[in-house]
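Take a look at the structure set out below.
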Amino acid sequence: MSWSRALVFSALIAVSCSAEDLSFPPGFKFGAATAAYQIEGAWNVSDKGENIWDRFVHEDPTRIRNQENGDVACDSYNQVERDIEIAAELGLDYYRFSLSWSRILPTGFPNKISEDGTSYYNKLIDGLLAKGIQPFITLYHWDLPQSLQDLGGWTNPLIADWFSDYARVVFTLFGDRVKMWLTLNEPIVICDLSYNSARLAPGVYSPHVGSYICNKNVLLAHAKAWRIYDEEFKPKYHGKVSLANQLIWFEGKTEADAELAELTIQNMAGRYSHPIYSKEGGWPPGIEKILEENSLKRGFPRSMFPSFTQEEKEFIRGTYDFYAMNHYTSRYIRPAKEGETFRIWPLGDAEDLNAKIEVHPDWPTTASMWFFVNPEGIRKQLVWLKENYGDLEFMITENGLATFDGLDDTNRVEYYREYLKQVLVAIKEYGVNVTHYTAWTLIDNFEWVDGYHSKFGLYEIDFSDPKRTRTPRLSAHWYKKVIKAHSLDVTATKDEL
Ligand code: GBH
C-alpha cells in the first residue's frame, strides 16, 4: 500500500470508528405504556367500584382543564382489540398498562372479585400474548378505590395489607401469563405532589404531614406485595417485580450548589429508592434530621416524618428485581434568598431544603407547563442511580414528549431520538445495564389535571369522534422502524403519514 493510500485508509478507519454506533445491545426490549384511568373510560359499567379519580373529577369539574374527565377517555374498555392491534403494528416487545383496582375489586377488598373486570384484563393479556407481545402490568397508577380513601387511603398504615391483598388476587388471576410487574407508579406523585398541593386526587391538602405519612406507607405496601410475589408466586412463575419512580434530574445552578443538588436528589429520588435499593436500607442519609427540624420549626411537637423500626427497614430493603425509572425532564436548584416564597413541586420548589428550583433558559419548552427538554439529564440520572445503588438491571418505564394536536410530530421524533441516544451513551460508555425502554404513551389520553389538552401519544386520538379513532403519528412510524432495526439509525418522512 502506498504511503498516501495508507493515510486515506487510516483516515477512513478513524471516521468509521468515531461514527456513532446507534444500535441497541442484543436482547434490549422496546415497549409503550398507558394507565387505566387515562384510557379505559367505562367508569361505571358493570360492578366497577368508584375510585378517587372518578370522585375527584365529578365532585368539582373545575379541577380539570376545560372541565374534562376520564368517563370515556380513549374508550379502551370497548376498544381493547384496537389497542392490541396498535401494539402489534408498532412491533412492541411489551405493552405496559395498569389495572383499575376498583374494576377488579369493586369494594376495594377481596371479598368480591369482579367477573367483568377479570374478563376485560384477560382479553387484553391473552390478545397481547397471541401477537407475541409481553404484558407488563402496573398494579396501581393513582386510581385508589374510593372506599379505601374513605378510610384514609395512603395515610392509613393498614393500606399495606389492603394493597397486598389486592396484589395477591392479581398475581393469582394473571400471574401464569404475566412475568413483568410494577407495584406502584410514581409514589412521589401519590404522596408529595398529592398531599402537598391537593391538585391531584384525592384532593386532600395535608402538606408536610400527609405526604410524609404516605411516603412510609407506600414503601411498606410495595414491600409487602413484592414479598408475596417472591414467596408465593416467583417459584412457579419466575416473574420480576419492582416499582416505578419518577425522577427529575437535578443540577446545582452554580458549582457552589453541587451539594444542594445531591441533597435534592436524595430528598426526591432517595426517599422512594434508598429504603429499597441501598445496601443499608432506611431513609437517605441526612434527610430524617432535616425533616425533623422542619417539623419543629413548623410548630409540631415532634417530627411529622415517620422513622422506620429496624424490622421495617429490613422488610423493605432489597424488595426489587430491577430498578424502574420514569423520566421526562430536568431542573436546576439554588438556595432560597431571605424572604423568598415557595411554590409547590414540580413547577415549584424544594421548600424542605430551603431551595428554589429553576430551569435553564436554553431548555426547550413543551405543551406541558412543567416539562422542559434536556436529553443529557436521562444519562446523568442513570449514571447516578448506578453509582448509588449498584450495577442493577434498569428499565426505563416511561419517557416521551408533550405536544399539541397534529400527525406531524417531528419534535417528538427528535425528543425520542435525543433521549434514546443518551440512553445508549449510558449503556456503552458508562456501563449502565439498561434493558428496557418504554415510550409514554401508546395513544393520546387523559393527561390528569391537563385534561385532553397536551398530547403524549404515538397515535393521535380524535376525542370529538365518538369512535375515538386512532391514527399513527410520524413518531409511530419512526418508533416502529427503530424497533425493527434495533437501532436509531433510521428515518421516517412525512410522506408516510
Ligand atoms: C407521568 O407523570 C405519569 O406516570 C403519567 O400518568 C403521565 O401521563 C405522564 O407522566 C405525563 O405527565 O400541574 O404542576 O401539578 C409524570 C409526572 C406528575 C408531572 C404530575 C406533571 C402535574 C404537574 N407528572 N405533574 S402540576
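Filter the range 349-380 down to the residues that are small (Gly, Ala, Ser), within 14 Å of the ligand (Cβ to nearest atom) and under 16 Å from residue 260 (Cα atoms) and list them by number.
none
Spot the failing condition for residue 211; the list is (1) under 25 Å from residue 441 (Cα atoms); (2) outside any loop (DSSP other than H, G, I, E, B); (3) within 16 Å of the ligand (Cβ to nearest atom), and only one is missed.
The number of the failed condition is (1).
Take the residues in the range 448-468 that are touching a strand residue (DSSP E or B) at 6+ places or on another chain (Cβ under 7 Å) and hydrophobic (A, V, I, L, M, F, W, C); name whichever of them is surrounded by the most Cβ atoms within 10 Å (Cβ to Cβ).
The residue in question is 458.
Out of 87, 42, which single residue is more than 18 Å from the chain's Cα centre (by Cα), among the small types (Gly, Ala, Ser) and in a helix (DSSP H, G or I)?
Answer to the check: 87.
Of everything in the range 178-208, what is aliphatic (A, V, I, L, M), farther than 21 Å from residue 396 by Cα and either away from the ligand (no atom under 14 Å from the Cβ) or part of a loop (DSSP other than H, G, I, E, B) (or both)? Give them in sequence order.
Of everything in the range 178-208, those that are aliphatic (A, V, I, L, M), farther than 21 Å from residue 396 by Cα and either away from the ligand (no atom under 14 Å from the Cβ) or part of a loop (DSSP other than H, G, I, E, B) (or both) turn out to be 198, 200, 201, 204.
On the basis of being more than 21 Å from the chain's Cα centre (by Cα) and on the phi < 0 side of the Ramachandran plot, does residue 108 make the cut?
no
Could you check residue 333 against (1) in contact with a Gly (Cβ under 9 Å, 6 or more places away or on another chain); (2) under 17 Å from residue 254 (Cα atoms); (3) within 15 Å of the ligand (Cβ to nearest atom); (4) β-branched (Val, Ile, Thr) and say which number it fails?
Of everything listed in (1) in contact with a Gly (Cβ under 9 Å, 6 or more places away or on another chain); (2) under 17 Å from residue 254 (Cα atoms); (3) within 15 Å of the ligand (Cβ to nearest atom); (4) β-branched (Val, Ile, Thr), residue 333 misses just condition (3).
In contact with a Gly (Cβ under 9 Å, 6 or more places away or on another chain) and more than 29 Å from residue 255 (Cβ to Cβ): does that describe residue 287?
no
Between residues in the range 127-148 that are over 26 Å from residue 107 (Cα atoms) and residues that are away from the ligand (no atom under 16 Å from the Cβ) and of a type in the set (Gly, Ala, Ser), which pairs lie under 6 Å by C-beta distance while being six or more apart or on different chains?
So the pair list comes out as 131/88; 133/87.
All but one of (1) surrounded by fewer than 19 Cβ atoms within 10 Å (Cβ to Cβ); (2) free of Cβ contacts under 8 Å to residues at least 24 places away in the same chain hold for residue 356, so report the exception by its number.
In the conditions (1) surrounded by fewer than 19 Cβ atoms within 10 Å (Cβ to Cβ); (2) free of Cβ contacts under 8 Å to residues at least 24 places away in the same chain, residue 356 misses (1) alone.
If I ask for residues that are β-branched (Val, Ile, Thr) and either closer than 30 Å to residue 193 by Cβ or modelled with pLDDT under 95 (or both), which ones from the range 109-143 would you list?
Scanning the range 109-143 gives 137, 138.
Filtering the range 285-299 down to residues that are without any contact (Cβ under 8 Å) to a residue 60 or more places away in the chain and under 18 Å from residue 217 (Cβ atoms), which residue is surrounded by the most Cβ atoms within 10 Å (Cβ to Cβ)?
Result: 287.
Would you check if there is a residue in the range 444-458 being over 23 Å from residue 80 (Cα atoms) and outside any loop (DSSP other than H, G, I, E, B)?
Taking every residue of the range 444-458 in turn, at least one turns out to be over 23 Å from residue 80 (Cα atoms) and outside any loop (DSSP other than H, G, I, E, B).
The values are calculated or read from the model by the stated rules, or taken from the named source; none is laboratory data. Note that the structure is predicted; figures quoted are calculated from it, not measured. Neighbour counts run over all protein chains shown; Cβ positions are idealised from the backbone, glycine included.
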